[in-house]
Amino acid sequence: MGKATDDPAVLSRATDSGDTLVLKGARFAASGNGVTVGASPCMVTSENSGEIQCTIASSAVGGDHGVQVS
């Protein structure tokens with residue numbers, strides 16, 4: 001299993017609930033990644049060791065939020 005990185009590059013901007021957030025990075029796990037945006041989970045819909053896509057929750061819309069991959 002790969003090691004998650006703590007500094008993914010965010011390649012898309014999610015402005016509405018249900019938008020897809022795209023993260024590019026290195027050393028993500030091939031599967032089983034968890035993503036949070038602020039304090040809200042982002043539902044992972046696609047993942048591999050170099051990219052994760054997740055669906056943004058309504059509580060994470062608006063303002064700037066930190067993104068964490070675990």
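Overview of results
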quantity	calculated
Accessible surface of VAL67 - all protein chains present, 1.4 Å probe, nearest 10 Å²	40 Å²
Assigned charges on the beta-carbon of Lys, Arg, Asp, Glu; the chain dipole about Cα centre (debye)	160 debye
Selection from GLN53, GLY66, ASN33, by position along the positive dipole direction of the chain (Cβ)	ASN33
Over the chain, volume per residue of the alpha carbon convex hull, in Å³	67 Å³
With all protein chains modelled, accessible area of SER59 [1.4 Å, Å²]	80 Å²
Approximate spin-label separation SER59-THR20, in nm, with each point projected 7 Å along Cα-to-Cβ	2.5 nm
Portion, in percent, of the accessible area of the stretch 11-62 that falls on carbon or sulfur, probe 1.4 Å	50 percent
The chain, accessible area per residue, ligands and nucleic acids excluded (1.4 Å, Å²)	58 Å²
Extension gain (nm, one decimal) between SER70 and ALA9, 0.36 nm per residue minus Cα-Cα	20.5 nm
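The values are calculated or read from the model by the stated rules, or taken from the named source; none is laboratory data. As the structure is a prediction and not an experimental result, all values here were calculated from the model. Reconstructed Cβ throughout: ideal geometry from the backbone, glycine too, with neighbour counts over all protein chains shown. These accessible areas exclude ligands, DNA and RNA; they are computed on the full protein's heavy atoms, side chains included. Shrake-Rupley method; radii C 1.70, N 1.55, O 1.52, S 1.80 Å.
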